[in-house]
1. Assuming R0 = 51 Å, what is the FRET efficiency of THR116 and ALA404, from their Cβ-Cβ distance, to the nearest 0.05?
2. At 1.4 Å probe size, with no ligands or nucleic acids counted, give the accessible surface of TRP249 in Å², nearest ten.
3. If one puts a single equal scatterer on every Cα of region 10-124 and applies the Debye formula without solvent, what log₁₀ I(q)/I(0) results at q = 0.17, 0.23 Å⁻¹?
4. Under 16 Å from the Cα of LYS297, which lysines turn up, not counting those fewer than eight places away in the same chain?
5. What is the set of long-range amide H partners of LEU272 at a cut-off below 5 Å, with H atoms built 1.01 Å from backbone N?
6. Just to make sure I understand: if all protein chains stay in place, what is the order of ILE259, ILE220 by accessible area at 1.4 Å, largest first?
7. What does the helix-only formula give at 222 nm for the chain: each DSSP H stretch with n ≥ 4 adding -39500 (n - 2.57), the total divided by the residues, and the result rounded to the nearest 500 deg cm²/dmol?
8. Cα centroids of region 170-213 and region 60-116: how far apart, whole angstrom?
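The values are calculated or read from the model by the stated rules, or taken from the named source; none is laboratory data. None of these values were measured; they are calculated from a predicted model. Reconstructed Cβ throughout: ideal geometry from the backbone, glycine too, with neighbour counts over all protein chains shown. Calculation scope for accessible area: heavy atoms of the full protein, side chains included, ligands and nucleic acids excluded. Shrake-Rupley method; radii C 1.70, N 1.55, O 1.52, S 1.80 Å.
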Amino acid sequence: MTQAKFSVVILAAGQGTRMRSDTHKVLHPIAGKPMLLHLLSTLEAMGADRRVVVVGKGREQLERALEGHGVVTALQAEQKGTGHAVQMADEALNGFDGAVLILYGDTPFVTRDTLTEMLDRLAAKDDPGVVVLASSPADGKTYGRVILGDGDHISKMVEYKDANEAERAVKLCNSGMMAVQSKDLFRWLAKVGNANAAKEYYLPDIVMIAKEEGRAPVAIEGEAFETAGVNSRAELAALEEDWQTRRRWQALEQGATLIDPESVWFSADTELGRDCTIEPHVVFGPGVKIADGATIKAFSHIEGAIISTGCVVGPFARLRPGAVLGEGAKVGNFVEVKKANLGKGAKANHLSYIGDANVGENANIGAGTITCNYDGFGKYLTEIGPGAFIGSNSALVAPVSIGAGAIIGAGSVVTKNVAADELAIARGEQRGFAGWAARFRARQKAKKASGTS
């Protein structure tokens, strides 16, 4: 059974110099969501008692990003190692009695199940004192190694810099994540020294300190994906690809059809219904919800949109935030929709821009239609009633209302409200001049021949 109370310390004070970025390392997004917020979402769902983020350089960015998340920050002014970083959380955890999870802001995908297993193991009757999360990645790189003794008990932990060749050959790697009782944590950290190659205070040293007190620290093994950290753009891209691959297969397992899974890109919060079809090269930004049976055709980009049952979107469509498509609505090739509601069965099949608009049921938007919603200062609403027909290449200059069943003649610039069932034509009168084109060509040819053109 999971302990009733636990708190979390998230280390996010690292310089992140290998990212070569003005953006704090842990705020770089994967699937459109900052790494640190991926981790916090998991912890919020678990109900952590206190959440402390240890910050350093770039703390202002972190504090802005953490607003509203119920997080306390603790400053590590000098970078003296992971053990020193955790010590900075002492004041924020003052008076807390329970388990403490120590996690990393650049290691975003440790799962709730794994964290729960760590807490349960810490609370076991043999009272191990420390639970270390380890994994066996295909490439151990420069991770510290965990050397086991009997069962899950740790015989030794060693940083890569300080390991010999035999120790570096061990596959089990230290993720840096731990679970420790608060009553032990800061007492043990006070005993950690810096007699190592980097002259830093290493958090893993508390494992050996716990052993010296007669405790028997243990390791549990998680997936390599859960323990993968990000220190460079290349590692960020690799973890993004790993996350996307997992999300694609999850979508398939949940009943969506992905014609070419590897070409579809999801956001962290993308919701797909059953029996929806996603064609190749579709990109989902944040905030997309797609109901059962919808089809997203190739090369469409969708963010902040709600798409109802039976809708067809694309190919080459762009849905921006606030786009809401009713049941069976269609948005076709090279159509952009922004902050607009399309009613049941409404259609905009070609080459149109629909922004700040309400489009009624079964209305038809002809090719080249534009809702002119912006005058350089404000945005204005276009209302299109049920069953209205907007002829091709029309401009609807908002604020304007088109009544139910009205017809707008092709090529119109509509600046006044149109009543229900009215035909509105707003274009210059066509005039014809017989023979004018032939006379024009003759004049031009004569000028060219005389060299006067």
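1. 0.35
2. 140
3. Log-scaled intensity ratios, in q order: -0.84, -1.49.
4. LYS297 reaches LYS289, LYS330, LYS347.
5. The answer is ILE290.
6. ILE259, ILE220
7. Helix contribution divided over all residues of the chain: -6000 deg cm²/dmol.
8. 16
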